[in-house]
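Bear in mind that the values in this text are calculations on the coordinates, not laboratory data. As the structure is a computational prediction, the values presented were derived from the model and not from experiment. In this analysis, Cβ positions are derived from the backbone assuming ideal geometry, glycine residues included, and neighbour counts consider all displayed protein chains.
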Amino acid sequence: MKTVIEPFKIKTVEPLQFTTRPRREEVLARAGWNLFCVPAEEVLIDLLTDSGTSAMSSRQWAGMLDGDEAYAGARSFYRFEKTVRELTGYRHVIPTHQGRAAERILFSILGGPGKIIPNNSHFDTTRANIEVSGAEAVDLPTEEGLAPALVRDFKGNMNLAALERLLKQQGRERVPLVLMTVTNNACAGQPVALGCIRRVSELCRSYGIPFFLDACRFAENAWFIKTREPGCRARSPREIAREMFALADGCTMSGKKDGLVNIGGFLALNDGQLAQQARNILIVTEGFPTYGGLAGRDLEAFAQGLEEVLEEDYLRYRIRSIAYVVEKLDALGIPVYKPAGGHAVYLDAAAFLPHIPPQEFPGQALACALYLEGGIRSCEIGSVMFGKTDPETLAFRPAPLEQVRLAVPRRVYTQSHMDYVIETIAAVFDRRRELRGLRILSAPPLLRHFTARFEPL
Ligand code: F0G
């Protein structure tokens, strides 16, 4: 097989900032050993997130100039609405400034005390928005999904038996909707099979419960279905994506991922009454229904991004660029979640640092070590993000996985940047026994990973 090359050439460049190790030590201490608190200027390769960090194409930039900034009924909105309708098939398209705004609107209508909202795995803001509404967010990952070294095709699937049990016990009185996150971000960016989406759809329909996709990375998921699911190879990513959406009743979307834009999101759905309620909330907090917190130019770039993200050359390169890193790390014997997911490389911090127990945050320790070693910023997805301390017994409940996510911004870094990342991880792996855990000095009650302060043990 020939090298899968970046399917673009570079038109505008932005210089990288090189820093020294002593400088990074100073910066990290000042940031309370929390990489979210490190200024981006102090980072060489920024893999904190794939969200809002994409490089836009020349066509998207052209759209930015062409944006119609009318308050009501802008041409850019109608282009955006048409694009989303054609992609998803949903009747009502409600733009929001990003994904969590769509989540907040949806859960403030359907959530509330006593309600339970299941998902294959909720990501951080989704869980937080459900909990803020007073409802309970329940994760139903598969056992395979929680086994980092096991190679299977669709480790992002939902545990269907567990969903069936939950629906049977709680019924539609307590379960106002079922969500499915594609790809599954809390579970190493693993894809969900079309067969699994179909089964969840059937179950939800038999109970009369709405089924929504958390569709941030729908195109990457569609590519995995095309290349792995029997009978799908001859289908286009767009056709597969359309079927995914058709099996659900609506979706929340963060355009900052597979929309290939720096800001933007939407809520799209078929239920007219629910859409009306959502628009009423939108007007109070986001904006008029034809812009929802975005500029006309943002809608223009977003519509264009939704077209480009489904191009086969792009998706082949995108998925290959992650697998390239995972294969190299695996060959070096470095514990990495397998197989490669769609948007990020996930290191298995529990296996990387077996001498650091979950309550001393091995993922956070590893993420900090990668920054000190090579100026690489990654993100802990483990017990800092999802661990809990029981308020009554004070017992520590670790997250199901201790991961470090190196999320790869879309169309931003080249293969040599990734080779540098591999070398840096390998250097830290060689002296892994020297690494120490961390202790939390202060943390807010909700979404603590963003602002908590730590101290090395
Ligand atoms: N759902 C999933 C699965 C996500 O990964 C995110 C964001 C959101 C919803 C919320 O979207 O940021 O536009 O409000 N995830 C980012 C990340 C932040 O780093 O994975 P948003």
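Numerical summary
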{"read-out": "Length gained when the stretch residue 246-residue 132 is fully extended (0.36 nm per residue, less Cα-Cα span)", "value": "38.1 nm"}
{"read-out": "Positive-end residue of 113, 48, 404, charge dipole of the chain with Cβ unit charges", "value": "113"}
{"read-out": "Length added when fully stretched, residue 236-residue 327, from 0.36 nm per residue minus Cα-Cα", "value": "30.1 nm"}
{"read-out": "Amide H contacts of residue 397 (H built 1.01 Å from N, under 5 Å, at least 5 apart or other chain)", "value": "388, 389, 390"}
{"read-out": "Whole-Hz couplings from phi, Karplus 6.51/-1.76/1.60, listed for region 34-46; x for Gly and Pro", "value": "10, 5, 5, 9, 8, x, 4, 5, 8, 10, 8, 10, 9"}
{"read-out": "Other-chain or far-sequence residues with amide H under 5 Å of residue 344's (modelled H)", "value": "408"}
{"read-out": "Given 11 as the ceiling on other Cβ atoms within 10 Å, longest exposed-site-free region of the chain for trypsin sites (Lys or Arg not before Pro) in DSSP loops", "value": "12-232"}
{"read-out": "Relative contact order for the chain, counting Cα pairs under 8 Å that sit 6 or more residues apart, in percent", "value": "23 percent"}
{"read-out": "Whether region 129-241 is rounded, prolate or oblate, judged on the alpha carbon gyration tensor where a/c under 1.5 counts as rounded", "value": "prolate"}
{"read-out": "Cross-link pairs 115/168; 155/338; 256/388; 256/338 - those with Cα-Cα distance over 19 Å", "value": "256/388; 256/338"}
{"read-out": "Neighbour-limited loop hits for chymotrypsin sites (Phe, Trp or Tyr not before Pro), region 1-71 (at most 14 other Cβ within 10 Å; DSSP other than H, G, I, E, B)", "value": "8, 18, 71"}
{"read-out": "Dipole magnitude (debye, nearest 20) for region 144-210, charges at Cβ of Lys, Arg, Asp, Glu", "value": "140 debye"}
{"read-out": "Assigned charges on the beta-carbon of Lys, Arg, Asp, Glu; region 58-308 dipole about Cα centre (debye)", "value": "420 debye"}
{"read-out": "For residue 138, distant residues with modelled amide H under 5 Å away", "value": "117, 119"}
{"read-out": "Charge-dipole axis of the chain as Lys and Arg at +1 and Asp and Glu at -1 on Cβ define it, positive-most pick from 361, 60, 227", "value": "227"}
{"read-out": "Positive-end residue of 429, 381, 323, charge dipole of the chain with Cβ unit charges", "value": "323"}
{"read-out": "Region 58-308: C-alpha gyration tensor shape, a/c 1.5 cut-off, then a/b vs b/c", "value": "oblate"}
{"read-out": "Set of aspartates and glutamates near residue 82 by C-alpha distance (under 14 Å), chain-local residues within fewer than 8 positions excluded", "value": "300, 307"}
{"read-out": "Shape category assigned to region 48-89 from the gyration tensor of Cα positions, a/c cut at 1.5", "value": "oblate"}
{"read-out": "In nm, spacing of pseudo-spin labels at residue 9 and residue 423 (7 Å Cα→C-beta vector)", "value": "2.7 nm"}
{"read-out": "About the Cα centre, charge dipole magnitude for the chain (Lys/Arg +1, Asp/Glu -1 at Cβ), debye", "value": "440 debye"}
{"read-out": "Residue-by-residue Karplus 3J(HN,Hα) for region 362-367, coefficients 6.51, -1.76, 1.60, Hz, glycine and proline x", "value": "x, x, 5, 4, 5, 4"}
{"read-out": "J(HN,Hα) series, region 173-179, from Karplus relation 6.51 cos²θ - 1.76 cosθ + 1.60, nearest Hz, glycine and proline x", "value": "5, 9, 9, x, 6, 10, 10"}
{"read-out": "For region 58-308: relative contact order, % (alpha-carbon pairs under 8 angstrom, 6 or more apart)", "value": "31 percent"}
{"read-out": "Loop-located chymotrypsin sites (Phe, Trp or Tyr not before Pro) in region 169-226 whose Cβ has at most 14 other Cβ within 10 Å (DSSP)", "value": "none"}
